Amino acid sequence: MPVEPPPTAWEFPPVDTADEDGLVGVGADLEPGTILTAYRRGLFPMPLGRRGPVGWWSPDPRAVIPLDGLRVSRSLRRSLRRFEVRVDTAFDAVVAACADPRRPHGWISPAIRVAYRRLHELGWAHSVEAWDVAGGEEHLAGGLYGVAIGGLFAGESMFHRRTDASKVALVALVEILRAAGPSGRVLDVQWATPHLVSLGAVEVPRARYLAMVSGAVDLPLPAPFAG
């Protein structure tokens, strides 16, 4: 089970003070207790540029993927048979791939990588990976990572090296959350990009999102994330 870290020494501003982009504040630290407090209050950290200070965000509206609303195309169903899905076997490699500076709009700084590695060591941050095992060789084809707090999974980033590999990891994540039951689980994806909308992401008002998170964090942790 996850290990609860020492509480944060910081006090976050109310989320309804966010600016039009969803930025609530700048600064604080990336200690495990600070990050977990932020998620429980509807915030998430993201630097202001790859080398900028850390910002704390609570967009309005907020994007989530309803667990019964994931869109799985015919081609994606075929791709599900091409990859082997694993959980937490290559966390560092997934984060490194997501943080590749050659990716456009990259935001994952070295400090973020260290912070989420610490969360992973404490049992809070997890990776879902799609592996290409054809021909007797294993290749990490894609994956995603995020933070699981009870029934909340806060998705942070995803990547692919093979067609549909990141989508396969997302399908697997949704199946993990759905299998855990009961209802009330939340898959947070922060902002509704066209790619995420094509997969079923919807926007909800911030107030509704906060209510959803309040109930979700008290639910049992899905077994694959419980250690």
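A few remarks follow.
- By the count of neighbouring beta-carbon atoms within 10 Å, fewest first, D164, D60 end up ordered D60, D164.
- Relative contact order for region 15-57, counting Cα pairs under 8 Å that sit 6 or more residues apart, in percent: 43 percent
- In degrees, nearest ten, helix 165-180 long axis to first principal axis of the chain (Cα): 70 degrees
- Estimated translational D of region 181-227 in µm²/s (Stokes, Kirkwood radius over Cα pairs; 10 °C; 1.306 mPa s): 130 µm²/s
- Test item: Cα-centred dipole of region 135-204, Lys/Arg +1 and Asp/Glu -1 on Cβ, debye: 100 debye
- Centre separation in Å (Cα based) which lies between region 185-227 and region 1-41: 17 Å
- Ranking of Y116, Y209 by neighbouring Cβ atoms within 10 Å, starting from the fewest: Y209, Y116.
- Likely footprinting exposure, S109, S58, fewest C-beta neighbours within 10 Å first: S109, S58
- The orientation-averaged shadow of the Cα convex hull for region 15-73, equal to a quarter of the hull surface, comes to 5.8 nm².
- Sum of -39500 (n - 2.57) over DSSP H runs of 4+, divided by residues of the chain (222 nm, nearest 500): -8500 deg cm²/dmol
- Percentage relative contact order, region 79-227, counting C-alpha pairs under 8 Å, at least six apart: 24 percent
- Over the chain, equivalent-ellipsoid semi-axes from the Cα gyration tensor in Å: 27, 19, 18
Laboratory data are not the source of any read-out in this text; all were calculated from the coordinates shown. In this text, all values refer to a predicted model and were calculated from it rather than measured experimentally. Using ideal geometry, Cβ is built from the backbone for each residue, glycine included, and neighbour counts are taken over all protein chains shown.
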